[in-house]
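Any read-out appearing in this document is the output of simple, stated calculations on the displayed coordinates, not a laboratory observation. No experiment lies behind these values; they were computed from the predicted model shown. Glycine also receives a Cβ, built like all others from the backbone with ideal geometry; neighbour counts cover every protein chain displayed.
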Amino acid sequence: MPHLSEVDSHHALGLLQAGLLISEVSLGMKANRKTIFRLRQHLHETDTVSGWPRSGRTTRTSQRQDRNSVRNHMNNRFLSASASSRQTRGRSNQRISAK
């Protein structure tokens, strides 16, 4: 399940402050109960709902480059991954992997 957006996070916290239980908010938001609990806990610890660390590798290409890559593959469906990586340069003109 994707994480809650900042707007949804504020909405969930507003419902909690209005007196609803965590389980009621999680049902209404269609989110896991533990997600709402951790959201409330994170707010108490850091006074913010945004900016908590996410796992994963940083992206080497921008969203614009990603869209161009998809468009290139839609126009030429037989383009190999290695040929595509040679055509595309990542941020700061770095080479990207064919994977």
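Label positions at ASN72 and HIS11, each projected 7 Å from the Cα along the C-beta direction, are separated by 3.8 nm.
As a footprinting exposure proxy, order SER55, SER82, SER9 by other Cβ within 10 Å, with the fewest listed first.
Values: SER55 4, SER82 11, SER9 22.
Lowest to highest Cβ neighbour count: SER55, SER82, SER9.
Could you tell me which residue out of GLN17, HIS42, LEU27 lies farthest along the dipole of the stretch 6-46 toward its positive end? Charges go on the beta carbon: Lys and Arg +1, Asp and Glu -1, centred on the Cα centre. Checked the options; the winner is LEU27. As a ratio to 2.2 N^0.38 Å, the alpha-carbon radius of gyration for the stretch 6-46 is 1.00. If R0 equals 30 Å, the separation of the Cβ atoms of ALA83 and ARG57 corresponds to a calculated FRET efficiency of about 0.85. Each of THR48, THR35, THR58 was scored by other Cβ atoms within 10 Å of its Cβ. Listed from fewest to most, they are THR58, THR48, THR35. Under the convention that each Lys and Arg Cβ holds +1 and each Asp and Glu Cβ holds -1, the size of the dipole of the stretch 24-79 around its Cα centre is about 360 debye.
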